[in-house]
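Structure first, commentary second.
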Amino acid sequence: MKAIFLIMCLWCSDVLADQHWAVGGWDCRSWGAIRLFDDGLMIDVDPDGFLTNWGYWQIFDQNSVILMWMDSSKMEIITKDGDKFYTQSSHGFGISSEIEETKKTLIEKEHK
């Protein structure tokens, strides 16, 4: 019985360890939110829940992820600094926003 309990604890810790810190919902918009899913997809929704943009995210380094939006040709970065998070936007011509603090609003467990 102890062996089964130990195996289950190890399996659960592996499942939880596989999820990247960026997966979930982010308050990066004054009028809506973005969601990053574990499979690398992401969506941008307005306050009514309608899809306004979609794209892919990838790990840049241990503390940063890059968001590549398909409909707007915009890129963003979310950076983790301790227990705070920051975001900044850019287009093909360069940086287009100031660095702003953001927060995680939803923790996703799986992409449905």
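Classify the range 22-103: rounded, prolate or oblate, from the alpha-carbon gyration tensor (a ≥ b ≥ c, eigenvalue square roots; a/c under 1.5 rounded; otherwise prolate if a/b is larger than b/c)?
Details: a/c = 1.29, a/b = 1.17, b/c = 1.11.
Rounded, since a/c falls under 1.5.
Converting phi to 3J(HN,Hα) with the Karplus coefficients 6.51, -1.76 and 1.60 and the offset θ = phi - 60°, the range 63-78 yields 10, 9, 10, 10, 10, 10, 8, 7, 6, 9, 6, 10, 10, 9, 10, 10 Hz in sequence order, with x at every glycine or proline.
Between I95 and W31, the FRET efficiency estimated from the beta carbon spacing at R0 = 25 angstrom works out to 0.70. Computed over neighbours whose Cβ is under 15 Å from that of F50, the net charge equals -2, Lys and Arg +1, Asp and Glu -1.
The numbers here are math on the coordinates, done by the rules we state, and not lab data. Because the structure is predicted, anything quoted here is derived from the model rather than measured. Here the Cβ is made from the backbone with ideal geometry for all residues, glycine too, and neighbour counts use every protein chain on show.
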